[in-house]
């Protein structure tokens, strides 16, 4: 493994799910926009990693193997300075949608193995935020849910033009 690679989750094995799930990211990486550089950005990426591991544990069969490396994160909205050291995340829905770039490998018995680098995007993120309205990462999580169902669970190819 690369120096500085933080295994942010997770070999998950339990009585209900013995799938091998690993989600990692490089803690020293400079992210497009994962929050304020340093602890906030690392914490946000760690939350994304934990979320991906959780849905994989929930949705993949027990005999699956799923490895993901988070390559880049650009959260919904843009950071804006509104006062002395006070930053807010401003969202207007134009070109500030969330994007997460991942490299993954999926092995599920009975299916061809999948390896890819995907850029997960949520262009219409402001139209669907109600269900997780108190979670600051709600837009990223909804986008991940849609990608995971389409690409990982259903095994569909990336739509053309992506």
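Summary table
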{"item": "Hey, residue 115 assigned to a helix (DSSP H, G or I) and either modelled with pLDDT of 75 or more or under 17 Å from the mean Cα position of the chain (by Cα) (or both) or not", "result": "no"}
{"item": "Test result for residue 88, in contact with a helix residue (DSSP H, G or I) (Cβ under 8 Å, 6 or more places away or on another chain) and either assigned to a strand (DSSP E or B) or at pLDDT 85 or above (or both)", "result": "no"}
{"item": "Positions within segment 124-162 being in a helix (DSSP H, G or I), closer than 23 Å to residue 60 by Cα, modelled with pLDDT under 85 and touching a helix residue (DSSP H, G or I) at 6+ places or on another chain (Cβ under 6 Å), in sequence order", "result": "139"}
{"item": "Leading residue by the ranking (farthest from residue 117 (Cα to Cα)) among those in segment 1-32 that are at pLDDT 85 or above and part of a strand (DSSP E or B)", "result": "20"}
{"item": "Residue satisfying all of: in segment 44-70; over 14 Å from residue 153 (Cβ atoms) and over 13 Å from the mean Cα position of the chain (by Cα); surrounded by the most Cβ atoms within 10 Å (Cβ to Cβ) among these", "result": "65"}
{"item": "Residue check for residue 70: in contact with a helix residue (DSSP H, G or I) (Cβ under 8 Å, 6 or more places away or on another chain) and either closer than 21 Å to residue 23 by Cα or at pLDDT below 90 (or both)", "result": "yes"}
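The values are calculated or read from the model by the stated rules, or taken from the named source; none is laboratory data. Note that the structure is a prediction, hence the values are computed from the model and not measured. All Cβ positions, glycine included, derive from the backbone under ideal geometry; neighbour counts span all protein chains shown.
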